[in-house]
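Novice: Supplied in structure tokens, the structure appears directly below.
Read-outs throughout are calculated quantities, based only on the coordinates presented, and are distinct from any laboratory measurement. This one's a predicted model, so the numbers in the text were calculated from it and none came from an experiment. Cβ atoms come from the backbone with ideal geometry, glycine included; neighbour counts cover every protein chain shown.
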């Protein structure tokens, strides 16, 4: 009897773009894709931090380069993708959060968060897809969303709204680009300990709320997201598109 073979998790010969790759989840995702054999292009706004991240990956013997990019600048982003692509894998981890009560939200904060998390993510995903379609190649496009794309949260009305938007355009893009062999998915983390979340973890009330909601009883780690992105990027997830991979320790199970 012929037995089935597990699809490969390797990404040899693939070019991957990771936005927001200078630290935290984005850097972890870049490392994971490089470990799996991809040539990884790390992008972020800070050239200095990007340089450090690229050197750290290269020091491990992996293939990486940097691309200074502000995803909120749609025109510059589209030009850069056209010049440096096509990319077989996209991981969009660029994002910001300005938490606070909804009654205190300023238009400036609202616009800043939506410009990057919503508008920037939309057009970055579109730019990479356009490059793949023009080249006649398949790909895997992954937006780092959030558990807050499926629930609400204290002081997180604006942030949650942007991530709900990401889930919506991800599903629609998956339908549109499926015939081209382009898969579009999201990863939805719970609270992950990174430099960006240290302010939250410094608040004892927030820590209590978080630990009560995570059913596995621990805070998320960057490594938890690294495994998820490696899965979605390659052939192991060849039949997965238009969906959200929850990495939330059971937060949204309620």
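Novice: Helix 121-135 versus the longest principal axis of the chain: what is the Cα-based angle in degrees, 0 to 90, to the nearest 10?
Specialist: 10 degrees
Novice: Looking only at 128, 91, 207, which one moves most when the chain is put into a Gaussian network model with springs between Cα atoms under 10 Å?
Specialist: 207
Novice: Efficiency by 1/(1 + (r/R0)^6): what FRET value for residue 243 and residue 111, r their Cβ-Cβ distance, R0 = 25 Å, to the nearest 0.05? Please list the in-between numbers first.
Specialist: Working: r = 29 Å, r/R0 = 1.18.
It comes out at approximately 0.25.
Novice: Just want to confirm a number: the relative contact order over the stretch 15-244, from Cα pairs under 8 angstrom separated by 6+ residues, in percent.
Specialist: 20 percent.
Novice: Note the angle between two axes, namely the Cα long axis of helix 204-213 and the longest principal axis of the Cα atoms of the chain, as a number of degrees from 0 to 90, rounded to the nearest 10.
Specialist: 60 degrees
Novice: A further question on this structure: What shape does the stretch 33-89 take by its C-alpha gyration tensor, where a ≥ b ≥ c are the square roots of the eigenvalues and a/c under 1.5 counts as rounded, a/b above b/c as prolate, and the rest as oblate? Present the calculation step by step, with values, prior to reporting the outcome.
Specialist: Values: a/c = 3.06, a/b = 1.46, b/c = 2.09.
Oblate shape, in that a/c is at least 1.5 and b/c is the bigger or equal ratio.
Novice: Out of 18, 41, 68, any idea which swings most in a Gaussian network model of the chain, alpha carbons joined below 10 Å?
Specialist: Among 18, 41, 68, the largest GNM mean-square fluctuation belongs to 68.
Novice: Separate question: Treating the angle as unsigned and between 0 and 90°, give the value, to the nearest 10°, between the Cα long axis of helix 74-84 and the longest Cα principal axis of the chain.
Specialist: 30 degrees
Novice: Right, here's the next one. Mind running the shape call on the stretch 1-49? Use the C-alpha gyration tensor, a ≥ b ≥ c as the square roots of the eigenvalues: rounded below 1.5 for a/c, prolate if a/b tops b/c, oblate otherwise. Display every interim value, and only then the final one.
Specialist: On the way: a/c = 4.73, a/b = 3.06, b/c = 1.55.
It comes out prolate by the Cα gyration axes.
Novice: Run the numbers for residue 3 and residue 79: contour at 0.36 nm per residue of separation, minus the present Cα-Cα distance, in nm.
Specialist: Result: 22.7 nm gained on full extension.
Novice: Still on this model: Could you work out how much longer the chain between residue 254 and residue 205 gets when fully extended? Use 0.36 nm per residue separation minus the Cα distance between them, nm to one decimal.
Specialist: Details: separation 49, 0.36 × 49 = 17.64 nm, distance 2.05 nm.
Fully extending the segment from residue 254 to residue 205 adds 15.6 nm.
Novice: So, in Å, what gap is there between the alpha-carbon centers of the stretch 211-250 and the stretch 180-205?
Specialist: 10 Å
Novice: I've got another one for you. Limiting things to C-alpha atoms, what are the Rg and the maximum Cα-Cα separation (Dmax) for the stretch 159-254, in angstroms?
Specialist: For the stretch 159-254, the Cα-based Rg and Dmax read 15.3, 49 Å.
Novice: How much length, in nm to one decimal, is gained on full extension between residue 216 and residue 102, taken as 0.36 nm per residue of separation minus their Cα-Cα distance?
Specialist: Between residue 216 and residue 102, full extension yields an extra 38.1 nm.
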